[in-house]
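Shown next, in C-alpha cells, is the structure this report addresses.
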Amino acid sequence: MTEPILRLANIESSYGPVRAIRGVSLEVRPGSIVAVLGNNGAGKSTILKTISGILDPDKGQVFFEGRPINGKPADWIVRQGIGHVPEGREVFPLLTVHENLLMGAYTRKDRDAVHRDLERMYGYFPILAEKRNQEALALSGGQQQMLALSRALMCRPRLLLLDEPSLGLSPKLVKEIFEIIVRVNGEEGTTMLLVEQNASIALKSAHFGYVLEVGRIVLEDTTQRLLEKQDVKEFLLGVKSDGARDDRRWKKKKQWR
Ligand code: ATP
C-alpha cells in the first residue's frame with residue numbers, strides 16, 4: 001500500500017485550558033479525499049489548524065510526506081505544499097478577484113504556469129471570471145467560497161485542507177462546490193482533507209471518513225462502508241431504520257460501533 005502523504009499520530013491540541021482534540025490519529029493517502037465529520041465544537045477545525053501550524057499540539061506528531069512538521073511556522077508549512085481554506089473563507093476583501101487569485105500564487109516563480117492556472121480557475125468557476133475586476137467584498141458567500149478554494153489551488157498544494165466548504169451555502173451551491181472539489185481531485189490528483197458538518201455531501205464526495213466526537217475519533221472507514229452502517233445513517237445522516245428523517249440525531253448519546 002502507498003505511504004500516507006499525511007499522518008497524525010496521537011495529537012492533542014488545546015486552547016489554554018480547553019483540550020480541543022484528544023489523541024487523534026489519522027492518515028491521508030496520496031490522491032484521496034478524506035473527510036472528518038463531526039458536529040459543532042467536535043474539534044474539526046482544530047485538527048486542520050494543528051496541521052497547518054496555526055496551533056502547536058501539546059502532544060503527538062504530524063508527518064507530511066514522512067517528515068515531522070509540527071512546531072514549524074505556518075508559512076513554512078504552506079511552502080512545503082499544504083494549502084488551507086479556513087472556515088469563513090477569509091478572502092482579501094479590498095483586493096479584486098484577480099488579485100486574490102494572484103496572492104494565492106505568491107510563492108511561485110513560474111509565471112506562464114500561474115497564468116494557465118488562473119484560466120483554469122476561471123474555467124472551474126466562470127462567475128469568478130465575470131467578476132475578476134470586482135473587489136472580493138462585493139461577492140456573495142458562495143462566490144467567496146469559490147474564490148477561497150481557487151486561491152488555495154493557485155499555490156498548487158500537494159495537500160489541501162478544507163474547513164467546512166458547505167458552511168452557510170444554499171444546497172445548490174454546496175453541490176456545485178463539491179462537484180468542483182471532486183473534479184479537481186480527479187483531474188489534478190490533489191489530495192484533500194476536508195472537515196464537514198454536512199455528512200451527506202462529504203460522504204458522497206470523499207473516499208475515506210473519520211467521525212469525530214468531543215475531540216476523539218470514534219469511527220473510521222471507507223465512505224462506501226460508512227454509508228452502509230446503520231449508525232451512520234441514523235446519527236450522521238438523520239435517517240431512521242424505517243427510512244424516516246430524524247433531525248435530533250446529534251442530541252442522542254451514542255456508542256459508535
Ligand atoms: P465548528 O464547526 O463549530 O468550528 P469544530 O468541530 O471545528 O466546530 P473546533 O473549532 O475545532 O470545533 O473547536 C473545538 C473545541 O475547542 C470547542 O470546544 C471550542 O469551543 C474550542 N475552541 C475553538 N477555538 C477556540 C479558541 N480560540 N479559544 C478557546 N476555545 C476554542
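The values are calculated or read from the model by the stated rules, or taken from the named source; none is laboratory data. Source: prediction; values computed, not measured. So basically every Cβ, Gly included, is an ideal-geometry build from the backbone, and we count neighbours across all protein chains shown. To get the accessible areas, we keep the full protein, side chains included, count just its heavy atoms, and leave off ligands, DNA and RNA. Shrake-Rupley method; radii C 1.70, N 1.55, O 1.52, S 1.80 Å.
Assorted remarks:
- Computed helical MRE - 222 nm, the chain, DSSP H runs ≥ 4 contributing -39500 (n - 2.57), nearest 500: -10000 deg cm²/dmol
- Under the Debye formula (equal points on every Cα, no solvent term), log10 I(q)/I(0) of the chain at q = 0.07, 0.17 Å⁻¹: -0.24, -1.35
- Accessible heavy-atom area order of I47, I201, I54, highest first, probe of 1.4 Å: I54, I201, I47
- Taking N as its residue count, the alpha carbon Rg of segment 1-78 over 2.2 N^0.38 Å: 1.06
- Solvent exposure of the chain amounts to 49 Å² per residue of accessible area, where only protein heavy atoms count and the probe is 1.4 Å.
- When the surface is traced with a 1.4 Å probe over the full set of protein chains, R79 keeps roughly 140 Å² accessible.
- Cα-based helix-to-principal-axis angle, 171-188 vs the chain, degrees rounded to 10: 70 degrees
- Here the accessible area is traced with a 1.4 Å probe on the protein chains. For the chain, carbon and sulfur cover 50 percent of it.
- Computed lengthening from R79 to L94, 0.36 nm per intervening residue step minus Cα-Cα distance: 2.9 nm
- Dipole magnitude for segment 1-107: computed about the Cα centre from +1 point charges on Lys and Arg Cβ and -1 point charges on Asp and Glu Cβ, it is near 220 debye.
- Computed over neighbours whose Cβ is under 13 Å from that of V174, the net charge equals -1, Lys and Arg +1, Asp and Glu -1.
- A simple spin-label model places pseudo-atoms 7 Å from Cα toward Cβ; at D110 and D56 they are separated by 3.4 nm.
- Within-13-Å neighbourhood charge of D163 [Cβ basis; K, R +1; D, E -1]: -1
- Around P30: net Lys/Arg minus Asp/Glu count, Cβ-Cβ under 13 Å: -1
- Across the chain, Cα pairs under 8 Å and at least six residues apart give a relative contact order of 25 percent.
- The solvent-accessible area of R225, taken with every protein chain present and a 1.4 Å probe, is close to 130 Å².
- Among the listed pairs K72/K172; K44/K72; K44/K131; K49/K229, those beyond 27 Å (Cα-Cα): K72/K172; K44/K131; K49/K229
- Selection from V114, S205, A129, by position along the positive dipole direction of the chain (Cβ): S205
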